[in-house]
Amino acid sequence: MIDALLAALQPSLLFMSLCGVCLGIVWGALPGLSTTMAMGLLIGLSAGMSQEVAISFMLGVYTGSVFGGAISAVLINIPGTPDAVPTMIEGHQLAQRGEGGQALGMSIAASFVGGMVGIVLLIMLIPLILAFALNFKSWEMFWLAIIGIMVAGSMAAGSVPLKGWIAGWIGMLIAFVGLDAIHAVPRFTFGSFALYDGVSYVAVLIGLFGLSEILRTLPAKDMPTIPSDVGRVFPPLGKLAKYIPSALRSGSIGAFIGAIPGAGANVASFLAYDIGRRWARPEEKAQWGKGSYQAIVCAETANNANIGGSMLPTLALGIPGNAAAAALLAALTLKNVVVGPTIEIDHPGLIYFIYACLIVANLLMYVAAFALIGPCVKLFSLPRGILMPMILPVCVIGAFAVKLSMADVWIMFAAGVFGWFFTMMRFPTAPVVLGVILAPLADENLRRSLLVFEDKSIGFILSQWIGTVLMIAVFLVVIEGVLRALWSLRKSAGDTEPSLSSPPN
């Protein structure tokens, strides 16, 4: 681990990590530009880098952009990223009282603590997960991929899990385009040789989270004015020490949620925010929703700890913890790094290098965040009519740079229109990305399993206990989603019934 940390501190890697952190903070501070969008669009830049440089850069972007959303959330009441909504609720109230700098300082400190909690838990748990994951064979890997898609759909779609599952299945269908991995039979190519190589997941990612965001936000009104004075930024040490228990609790929650495929930092921040309110002292609870520093600590610690948590299934099992981790997985795939149970065998020492890059990126984020608050305040005041057209060429370059193919650019445009339509229909787009990423894993391992089980009995198949447990888990996810949808329908039907005590019109 010491060797990996020394390697990550090389001047060239340190510089690229700092560039990624700064770019991520600025990106996250711009309303509408999510962490996933940043990761997806910048994959094209990492394609020309070496493996170590690309990892340092992308992890820097990931770490910086998660915090960056708090800047616009506090100052202008617009969350730069979805997971900054709880920070917006509390931080903007403080900014209106002239304490915006303190709110941002507390956000920076909480983000640093959360990032370190997530990294420590990752380092502690991943050896155990790797040892267990080596027992996974084709049958188990198939069900693992299905669980990732189903859980992502269930979590992302809220009370209508069927929409999330449909999104995941559409992603799987997109990934089936091209020559199959076992017999090289063309599937869904419609006679087009450009599709024989399949649909680029990078182009789909950029389209879904880049172009669709441009189409959605460009018609919106201009952003409100920015406060001219944010006040003191560095919070007092006594105030920081007061919220250490809340930070540790919320960091653990964020790391745990991050380990659930598809849950994401927004789920972590809202859950930690809600649990923090329930555990708060009465005098602190009275400030919840009116400008609570403890609430900011809970939300920001959780969404940054989510980074380390999302790396756990991504590195150990090959299942992205969220859409941003899926983008990182895509960047690693471009470098011929196959993550999963055998990562330590196929790429010795790489996993410790990733740990070290996360630690370095988190330290750099803490320093760069204080320096960039002022410039960010001015930068995100650009009107959307200027900002969004500037992003469009980045989308085109990012899609084209991977394979130097115009077909990928057209795929990106199609995915963007599709993502915009999905958003308008209130379908989640994250499960589509996970479906595209995980479908080849599910497809190849299912077909390989069918060949292995060709002459075997049902009893033999069920005796593969890990696969059986995973299969039961998939059914439980479906049952839980159906019950949640039925409960939501019953609740909405109850709310629309006229009250018996209301007077007639």
Per the filter on region 281-314, residues open to solvent by 10 Å² or more (accessible area, probe 1.4 Å) and within 23 Å of Q102 (Cα to Cα) are R281, P282, E283, E284, K285, A286, Q287, W288, G289, K290, Y293, Q294
Residues (of a type in the set (A, V, I, L, M, F, W, C) and over 24 Å from the mean Cα position of the chain (by Cα)) located in region 336-369:
I345
With (1) modelled with pLDDT under 75; (2) more than 19 Å from L434 (Cα to Cα); (3) buried (at least 24 other Cβ atoms within 10 Å of the Cβ) as the list, and L317 as the residue in question, which single condition is left unmet?
(2)
Can you find a residue in region 158-170 that is at pLDDT below 75, in a helix (DSSP H, G or I) and open to solvent by less than 30 Å² (accessible area, probe 1.4 Å)?
no
Among the helices (runs of 4 or more DSSP H) confined wholly to region 278-337, which include 3 or more residues that are under 28 Å from A73 (Cα atoms) and in contact with a helix residue (DSSP H, G or I) (Cβ under 8 Å, 6 or more places away or on another chain)?
293-316, 323-334
Taking interchain pairs and intrachain pairs at least six residues apart, which have beta carbon atoms under 8 angstrom, with the first residue in region 144-164 and closer than 13 Å to L476 by Cβ and the second open to solvent by 10 Å² or more (accessible area, probe 1.4 Å) and at pLDDT below 75?
I147/P261; V151/I260; V151/P261; V151/G262; S154/G262
Applying the selection to region 453-477, what residues are of a type in the set (A, V, I, L, M) and either loosely packed, with under 15 Cβ neighbours inside 10 Å or part of a loop (DSSP other than H, G, I, E, B) (or both)?
I458, L462, V469, I472, L476
Going through region 338-351 in order, the residues found to be hydroxyl-bearing (S, T, Y) and assigned to a helix (DSSP H, G or I) are none
Quickly run through region 392-412 and pick out the residues that are open to solvent by 70 Å² or more (accessible area, probe 1.4 Å) and in contact (Cβ under 8 Å) with a residue 24 or more places away in the chain.
I397, F400, K403
In the set T314, T301, T333, the lone residue that is over 13 Å from the mean Cα position of the chain (by Cα) and closer than 21 Å to P440 by Cβ is T333
So if I check each of G105, G48, which one is assigned to a helix (DSSP H, G or I) and either at pLDDT 75 or above or under 20 Å from M365 (Cα atoms) (or both)?
G105
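The values are calculated or read from the model by the stated rules, or taken from the named source; none is laboratory data. Nothing here was measured: the structure is a model prediction, and the numbers come from that model. A quick note on method: Cβ atoms are made from the backbone with ideal geometry, for glycine too, and the neighbour counts reach across all protein chains shown. Please note that ligands, DNA and RNA were not included when accessible areas were found on the heavy atoms of the full protein model with its side chains. Shrake-Rupley method; radii C 1.70, N 1.55, O 1.52, S 1.80 Å.
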